[in-house]
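Okay, structure first, notes after.
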Amino acid sequence: MTTVEADIDQRQQVFRRWQPLGLLVLGALLSAATVELIMPTEARQTTAATLVVAAVALQLWWGDRTRRGPSRLSVAYYAIRYAIGFALTLMNPFFAFYAVAGYFDAEELIPGRRWRRVALFACSIPVAGAQTSGIPVDGGMKWIVFAVLLAGNNVMLTLVIHFSEQEEQRSRGRAATIVELQQARDENAALQAQLLVQAREAGIADERRRLAAEIHDTIAQGLTGIIAQLQAVATTSDHAAAREHVDRATELARHSLGEARRSVHNLAPAGLSYDGLPEALHKTVDQWADRTGVRTEFTLTGTAQHLHGEVSATLLRITQEALANVSKHAAATRVGVTLSFMDDEVTLDIRDDGKGFEPLALPARSSTGGFGLEGMRARAERIAGSLTVEAEPGSGTAVSARVPLVLHE
């Protein structure tokens with residue numbers, strides 16, 4: 001229960017405890033002001049005073065009790081209070097204020113919906129009598145007016161109860177909906193985490209296959225070439241030819257070493273070793289701008305969060321690949337990189353004012369091993385994200401990646 005709900009519940013308890021006594025005091029004051037007009041005899045005044053004292057004693061006794069829903073004792077209290085209120089209303093209609101107290105706590109004191117309706121109907125009798133200047137004892141027209149008022153009061157009471165029950169049902173429905181939404185949110189969070197783990201495992205498998213293919217295509221072939229050249233040296237007696245084979249083997253070794261270093265470098269972003277994603281992107285952008293001479297700006301929007309390592313690595317790799325594409329193909333004079341943190345996702349936008357291209361006619365993957373747009377899209381999809389490209393010849397290019405906001409555990 002929240003603080004506000006606890007405060008409301010406490011106020012309702014105070015009201016239920018003191019409202020009968022407050023209504024009794026109000027009725028007694030009004031009756032005292034009209035005692036000479038309505039209760040001129042000393043016997044009626046004495047009887048009314050005795051009943052008021054009895055009602056006060058009853059309220060003080062009941063107010064100190066701990067109530068836990070309807071019971072036989074609560075029904076007895078309700079009946080005694082009603083009898084006193086009815087008798088007082090017979091002597092002075094202003095005491096109907098005390099009888100009205102039964103409207104407020106019948107649900108708390110009377111068990112069963114049917115018996116509560118009976119109790120409420122009983123309370124409407126002295127109220128209707130007060131509206132006709134006392135319970136009628138003679139006069140046919142007064143009985144007709146009394147019956148009409150009694151029926152009208154109960155119709156209005158029925159409507160109020162009906163609308164209150166509907167509002168209570170709606171409140172319970174809203175509360176149940178909130179609980180279901182919270183459960184669905186928790187389930188979605190768990191599912192998102194599970195998808196991220198699966199995507200990470202799939203990404204690792206894809207990366208292993210890529211590295212295996214790259215090693216086979218570059219390093220393994222280079223080593224095979226080196227072995228072939230050295231074997232050629234072992235089978236020749238010509239010094240010049242042997243020197244040529246050695247030079248070729250040396251060149252292949254240098255090339256294979258470079259390929260090995262590049263493959264190791266591509267395994268994990270070094271920029272994330274000591275910095276968070278915003279800092280690593282800022283440094284990457286600044287270094288790329290210094291290297292290319294292109295005016296480049298980095299913008300961070302939203303409140304930066306400590307992202308899961310796989311998410312940070314993916315966004316950094318996409319940025320590096322996008323900037324590499326800009327330097328190779330765009331001939332841009334200005335580039336903007338924007339990282340945005342939102343409620344449940346992170347977006348990365350790289351825009352340039354270069355020559356653009358036709359998205360439906362993408363160039364083939366280069367022979368240097370670059371991933372290109374398809375590689376960036378695959379990286380985003382591995383962590384349940386997406387990548388879109390907006391480009392037009394002569395109007396620049398915009399690459400936008402959207403990935404789930406998954407925090408570092």
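Find the residue count for segment 300-315, including only residues that are closer than 18 Å to Gly336 by Cα, surrounded by fewer than 23 Cβ atoms within 10 Å (Cβ to Cβ) and more than 19 Å from the chain's Cα centre (by Cα).
The first filter runs over segment 300-315 and keeps only residues closer than 18 Å to Gly336 by Cα, leaving 300-302, 315.
Checking the rest, the ones that are also surrounded by fewer than 23 Cβ atoms within 10 Å (Cβ to Cβ) come to 300-302.
With more than 19 Å from the chain's Cα centre (by Cα) added as a condition, the list becomes 300-301.
Qualifying residue count for the region: 2.
Going by the conditions given, is Ala99 aliphatic (A, V, I, L, M), modelled with pLDDT of 85 or more, surrounded by fewer than 18 Cβ atoms within 10 Å (Cβ to Cβ) and within 24 Å of Leu23 (Cα to Cα)? Here the answer is no, as Ala99 does not meet what is asked.
Can you pull out the residues in segment 102-125 that are open to solvent by 40 Å² or more (accessible area, probe 1.4 Å) and in contact with a Leu (Cβ under 7 Å, 6 or more places away or on another chain)?
Start the filter on segment 102-125 by keeping residues that are open to solvent by 40 Å² or more (accessible area, probe 1.4 Å), which leaves 103-104, 107-108, 111, 113-118, 121, 125.
The answer is Tyr103, Ile125.
Can you spot a residue in segment 206-214 that is touching a Ser or Thr at 6+ places or on another chain (Cβ under 8 Å) and modelled with pLDDT of 70 or more?
To start, the set of residues in segment 206-214 that are touching a Ser or Thr at 6+ places or on another chain (Cβ under 8 Å) comprises 211, 214.
Adding the requirement that they be modelled with pLDDT of 70 or more leaves none.
No, every residue in segment 206-214 fails to be touching a Ser or Thr at 6+ places or on another chain (Cβ under 8 Å) and modelled with pLDDT of 70 or more.
Residues in segment 89-103 that are part of a helix (DSSP H, G or I), closer than 17 Å to Leu37 by Cβ and out of contact with any Pro (no Cβ under 9 Å at 6 or more places or on another chain): Met91, Phe94. Applying a threshold of 8 Å to beta carbon distances and a minimum spacing of six or more residues, or different chains, the list of pairs starting in segment 50-75 at a residue that is of a type in the set (Gly, Ala, Ser) and ending at one that is open to solvent by 90 Å² or more (accessible area, probe 1.4 Å) and at pLDDT below 85 reads Gly63/Trp18. The number of residues in segment 84-95 being among the aliphatic types (A, V, I, L, M) and either open to solvent by less than 10 Å² (accessible area, probe 1.4 Å) or within 15 Å of Val118 (Cβ to Cβ) (or both) comes to 1.
Per-residue answers, yes or no, for (1) under 24 Å from Ala199 (Cβ atoms); (2) not basic (Lys, Arg):
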| site | (1), (2) |
| --- | --- |
| Asp290 | no, yes |
| Phe298 | no, yes |
| Gly302 | yes, yes |
| Glu321 | yes, yes |
| Ala324 | yes, yes |
| Lys355 | no, no |
| Glu381 | yes, yes |
| Val399 | yes, yes |
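Testing Ser133 on (1) open to solvent by less than 30 Å² (accessible area, probe 1.4 Å); (2) not in a helix (DSSP H, G or I), one condition comes back false. Which one is that? Of (1) open to solvent by less than 30 Å² (accessible area, probe 1.4 Å); (2) not in a helix (DSSP H, G or I), only one is false for Ser133: (1). Going through (1) outside any helix (DSSP H, G or I); (2) open to solvent by less than 60 Å² (accessible area, probe 1.4 Å); (3) over 28 Å from Leu191 (Cα atoms) one by one, Leu339 falls short only on (3).
Of the residues contained in segment 384-406, one or more are found to be closer than 20 Å to Gly276 by Cβ and at pLDDT below 90.
The values are calculated or read from the model by the stated rules, or taken from the named source; none is laboratory data. Because the structure is a prediction, the values reported are computed rather than measured. Methodologically, a virtual Cβ is constructed for each residue, glycine included, from the backbone with ideal geometry; neighbour enumeration extends over all protein chains shown. When the accessible area is computed, the model is the full protein with side chains, heavy atoms only, and any ligands, DNA or RNA have been set aside. Shrake-Rupley method; radii C 1.70, N 1.55, O 1.52, S 1.80 Å.
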